[in-house]
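Take a look at the structure set out below.
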Amino acid sequence: MKFWEHPLVKNIGPEQINSLFATTPVTATGRYINTIIIAYCLYGIATTAEMMAWIGINFLGASYALYRWKYGNSNRTRPVTKQAIKQIIFLSVYFTIPWIFLTLLYLGNSANQYEAIILLTMAAMAAVGSIQLSRVYPAAIAYLALLTLPVILKGLYLSTEYSLLIAISTAVYISFLFMVIRQTSALSIKHSQTIKAYEQQINELDHAKADMQKYAMEDPLTELPNRREFQTRLEEAVSEAQRQGSSVSLLICDLDHFKNINDISGHAAGDTVLVEVAKRLKSVVRDYDFVARIGGDEFAIIAKHHKSPKDTADFTNRVLKAVNHSIRVNGSNVCPGISVGISMLPFDALDTPTLLSHADLALQRGKAAGRGQYNFFDQQMKSQLSSDQAMENDLRLALVESEFELLYQPKVSIRTGQIEGFEALIRWNHPDGKTVSPGQFFPVAEDRGLMPYIADFVIEQVFQDMQTWKNLGIDPGRIAVNIHPTQIKDKNRMKRIVRDIERKGLDPSKFYLEITEGCIIGRGTEDIPELLTYLRNKGLRISLDDFGTGFASLSHLKDLPVDELKIDRSFINDLLSDASNRAIVHAMVKLASSLGITTVAEGIEDQEQHTVLLAMGCTTGQGYLYNRPLSMEKATRLIQNAQHVRNIKEIKHENVISPKIAPENRTSKITA
Ligand code: C2E
Ligand code: MG
Ligand code: MG
C-alpha cells in the first residue's frame, strides 16, 4: 500500500492537526525542562560548543513550535494537505536530532554518572512525544524510531551486558509503544469521523427544519406566502387596524379560465403563468401590503391604509392592469385575466372571518356576472347568499319529501294535430303551495351540486309513468326527457339509462333525449358525439333543444347524430313581426328536412304562428296553443280521449288542422 493511501495517513483531518497543536504548550515546556536537565547531566562531559548546540537546537525547536501554536491557525477546517503532513514529520524529525547525537556520543560513556537520568528522560520523551504525535501517525513513527533506534544500535555496538540489556528493554518498550500509537491514531481518526458524521447529520436536520419552517409559510412554486401565513397576516392586519382605527382592504384574486391553460398547454405552462402572475402582483403592491397564494389559482392581497373604497378601487385597477398583459408560454402568448372580489374593514366587515367570507362572496358573485373585473362586497350579495342557502336546504328536503313532479307537454303534428309524444318537464310543488319552475330553482341546484339527484328523479319518474301507461295499454308516443349539461358529462350514468330501459322491458325508440348546446359545445364535450352515437345505436332518439339561442350553428347538424331540431321559442315569438326571424326559421326547417331531421317549433301560442309554420313545412309543434304542460293524470286522459275520438270517428280530414279552429275546440285540447 502506498504511503499516502494508508488509512492512518489519508484520513488525517484538520481535527487531528488542531488537537496536536493544542498540546504544544505542555510539550514545549517539557522540552525546555528536559533540555536543562540533560544539560546539567552533560556538564563537564560535553564541550561548551556541544552544550551550546544541545541547548540551542532544543530551545529553537520548542520555541518555533510555541510560535506556530500562538500565531498559527488553531481552528483548521480545510482538508489537510500532503505538504502539511510533511512539515509535521519534518518537525518531529528535527526534535530527534539532538537526542540522536546525545545517544551516540554520551550513552555508555563510563564517565557519565547521570546516564540513568538521561535514559529515563529519553523514555519519557519517547512516550509522551509519540503519543502526542499519534494524531499524525507517520510523524509519531518517525519520531519514535529516530529517538529509540540509536539507543538499540549503540547498546548492540557496545555489547556489554548492561548495554545489551538496555537495547533489549528499549526494543520491547518501543514495540509496545508502536502498538499503542497505532491504536491511538486509529481511535483519533475514528473519533473525528464520528463527530463529523454527527455534525453532518445535525446540519442536515437544521436544513430540513429550516426548509420545513419555510414551506409551512411559503408556496414553493411562486415563493409567495401560503394560505396559512396569509391567515396569520390577515389577523394581524385586522387587529392593527382595529387598534389604530385604520382600514384593511382584502382582495381575493382568481385567475380566469386557468383550468383551460392547464388542460390545453399542460401543467408546466400553468406553473409558468402562476409564477409570472405572482411576480406581477408583487411588483404592484407597496412594502407594507401583503400578497399570498391561497389556492390553486387564487391569490390574496392585504392592502392597508386606504382611506376610502375609491383608494381601493384605484389600487385594484392598477393590479388588474399589471396582471393583464400577455405571458410567453411554450412559444405562444397567454393573456391571464383575473377577477377580484373585495371586502373592506371597517365598511364591509369588522372581523377577520367576515372580511374573508365577504371578499370570497364578492369574488363568486362577480365571476358569475362576468370575469376580468373587480367587485366590492355589498349587502345584497349576502341576502342573495342566504336566500340561495335557504333554497338549497329546501331543495334537499324536496328530494327526500318527493316534492318534485313531472308534467307532460304534448308535441303535436302541425299538419294533423295528432299527439306525437310528450316532453317531460319538472315542477317543484313547494310546501307553501307555490309551483316552482325549473328556471327558478335550477341555478341553485346547479351551483350546489344537486343536479344529478334531480336528473335521477326525472329518469326514474319517466320510467314509472311509461310503465303505468304500458300497463293501461296506452301509447303516449315518444317521451322527451331533458338532459342537463352536467348530466351528459357523466358517461356511465348516461349509459345506465339505456341499461335501465332494457331492464324494465321498455322500448328505447320511445325516448327522445333533449340536449342543449351546453351539452355539445365547450370544454369537456369532445367525446359527446361518440356518446350520442352510442345512445342512438341503442335506439334512443336525440333532439337538439333551444336551437338558435347560442353558438350552436346549422353546421353542427351534419356532424351530430341528431334526429330532431327544436327551434327555440324566441324565434317563434317574433315569427310574425320579424321578417329576418321568419327567414331564419324557414332556413332551419329546410336544412333540417334536407338532412332528414324533423323540426319542432317551441312555444307556439297562437293560430297565426301555427299557420306560418305549417306553410314552412315544420313538422311538429309544442306550445300553449295546443296544451300547457299537464299532470300525468291529465296527460293520460288526453291520450285516452284522442284515442277514443280516433276510434269512433273515421277522421276524414285527419291530414289538416284548420287554422281557423280556436284552440279550445280542438280535439286534443284538455279543458281541465
Ligand atoms: P325546454 O326544454 O325548452 O322546455 C320548454 C319550456 O317552454 C318549458 O318551460 C315549457 O313549459 C315552456 N313552454 C312550452 N310551450 C310554451 C308556450 O307556448 N309559451 C311559453 N311562454 N312557454 C312555453 P319549463 O317547464 O319552465 O322549462 C324550462 C326549461 O327547463 C326547459 O326548457 C328545460 O331546458 C328545462 N327543464 C325542464 N324540465 C327539465 C327536466 O326535467 N330536466 C332538465 N334537465 N331540464 C328541464
Ligand atoms: Mg326541452
Ligand atoms: Mg327548449
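The values are calculated or read from the model by the stated rules, or taken from the named source; none is laboratory data. Computed from a predicted model, the values in this text were never measured in an experiment. When we count neighbours, we look across all protein chains shown, and the Cβ atoms used for this are built from the backbone with ideal geometry, even at glycine.
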Would a scan of region 65-75 turn up a residue that is surrounded by 17 or more Cβ atoms within 10 Å (Cβ to Cβ), farther than 18 Å from residue 134 by Cα, more than 60 Å from the chain's Cα centre (by Cα) and aromatic (Phe, Trp, Tyr)?
-> no
Taking the stated definitions as given, is residue 104 assigned to a helix (DSSP H, G or I) and surrounded by fewer than 17 Cβ atoms within 10 Å (Cβ to Cβ)?
-> yes
For residues that are in contact (Cβ under 8 Å) with a residue 40 or more places away in the chain and farther than 23 Å from residue 567 by Cα, scanning just region 620-633, find the one that is surrounded by the most Cβ atoms within 10 Å (Cβ to Cβ).
-> 632
Can you name the strands (runs of 3 or more DSSP E) wholly within region 298-399 that have at least 2 residues being under 18 Å from residue 247 (Cβ atoms) and touching a helix residue (DSSP H, G or I) at 6+ places or on another chain (Cβ under 9 Å)?
-> 298-304, 338-345, 374-376
In region 467-493, what count of residues is obtained for those that are among the hydrophobic types (A, V, I, L, M, F, W, C) and either in a helix (DSSP H, G or I) or more than 13 Å from ligand 1 (Cβ to nearest atom) (or both)?
-> 4
(1) surrounded by fewer than 14 Cβ atoms within 10 Å (Cβ to Cβ); (2) within 22 Å of residue 7 (Cβ to Cβ); (3) of a type outside the set (Val, Ile, Thr): which one isn't true of residue 165, the others all being true?
-> (2)
Which is within 30 Å of residue 371 (Cα to Cα), loosely packed, with under 15 Cβ neighbours inside 10 Å and modelled with pLDDT of 90 or more, of 276, 223, 229?
-> 223
Of (1) more than 28 Å from residue 509 (Cα to Cα); (2) more than 9 Å from ligand 1 (Cβ to nearest atom), residue 464 satisfies every one except (1)
Can you tell me which residue in region 476-486 is farthest from residue 449 (Cα to Cα), limited to those that are in contact with a helix residue (DSSP H, G or I) (Cβ under 7 Å, 6 or more places away or on another chain) and more than 16 Å from ligand 3 (Cβ to nearest atom)?
-> 476
For residue 438, indicate whether it is modelled with pLDDT of 95 or more and under 40 Å from the mean Cα position of the chain (by Cα).
-> yes
Since residue 50 meets every condition but one in (1) surrounded by 12 or more Cβ atoms within 10 Å (Cβ to Cβ); (2) closer than 30 Å to residue 7 by Cβ, which condition does it not meet?
-> (2)
Positions within region 261-271 being surrounded by 13 or more Cβ atoms within 10 Å (Cβ to Cβ), of a type outside the set (Val, Ile, Thr) and assigned to a helix (DSSP H, G or I), in sequence order = 262, 263, 265, 269, 270, 271
Unmet criterion (only one of (1) more than 21 Å from residue 219 (Cβ to Cβ); (2) touching a helix residue (DSSP H, G or I) at 6+ places or on another chain (Cβ under 8 Å); (3) at pLDDT below 90) for residue 264 | (2)
Residue 337, sole failed condition from (1) in contact (Cβ under 8 Å) with a residue 24 or more places away in the chain; (2) closer than 30 Å to residue 460 by Cα; (3) out of contact with any strand residue (DSSP E or B) (no Cβ under 7 Å at 6 or more places or on another chain) = (2)
Scan of region 200-224 for residues that are part of a helix (DSSP H, G or I) and not hydrophobic (A, V, I, L, M, F, W, C), ordered by number = 200, 201, 203, 204, 206, 207, 209, 211, 213, 214, 215
Quick one: in region 573-597, of everything that is under 23 Å from residue 480 (Cβ atoms) and within 16 Å of ligand 1 (Cβ to nearest atom), which residue is nearest to the chain's Cα centre (by Cα)?
-> 588
Within region 528-539, identify whether any single residue is among the basic types (Lys, Arg) and within 16 Å of ligand 1 (Cβ to nearest atom), and answer yes or no.
-> no
Go through (1) more than 16 Å from ligand 2 (Cβ to nearest atom); (2) of a type in the set (Ser, Thr, Tyr); (3) at pLDDT below 95; (4) surrounded by 14 or more Cβ atoms within 10 Å (Cβ to Cβ) one by one and return the number of the condition residue 516 breaks.
-> (1)
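Residue by residue, here is whether (1) closer than 24 Å to residue 620 by Cα; (2) more than 16 Å from ligand 3 (Cβ to nearest atom); (3) surrounded by 13 or more Cβ atoms within 10 Å (Cβ to Cβ); (4) aliphatic (A, V, I, L, M) holds:
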residue	(1), (2), (3), (4)
395	no, yes, yes, yes
401	no, yes, no, no
405	no, yes, yes, no
413	yes, yes, yes, no
438	yes, no, yes, no
441	no, yes, yes, no
445	no, yes, yes, yes
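Residues checked against (1) farther than 22 Å from residue 181 by Cβ; (2) part of a helix (DSSP H, G or I):
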residue	(1), (2)
32	yes, yes
70	yes, yes
85	no, yes
95	no, yes
112	yes, no
Meets criteria (within 16 Å of ligand 2 (Cβ to nearest atom), farther than 18 Å from residue 614 by Cα and modelled with pLDDT of 90 or more) for residue 565 | no
Which residue pairs have Cβ atoms under 7 Å apart, sit 6 or more places apart or on different chains, and have a first residue in region 486-504 that is in the same structural domain as residue 455 (by TED's automatic domain parsing) and a second that is of a type in the set (Lys, Arg) and at pLDDT 95 or above?
-> 498/538
When you scan region 447-475, how many residues do you find that are free of Cβ contacts under 8 Å to residues at least 12 places away in the same chain and either within 16 Å of ligand 3 (Cβ to nearest atom) or within 39 Å of the chain's Cα centre (by Cα) (or both)?
-> 2
Scanning for something crowded, with 20+ Cβ neighbours inside 10 Å, away from ligand 1 (no atom under 12 Å from the Cβ) and of a type in the set (A, V, I, L, M), does region 557-572 turn up at least one residue?
-> yes
Taking interchain pairs and intrachain pairs at least six residues apart, which have beta carbon atoms under 6 angstrom, with the first residue in region 435-446 and hydrophobic (A, V, I, L, M, F, W, C) and the second not in a helix (DSSP H, G or I)?
-> 436/428; 436/430; 441/428
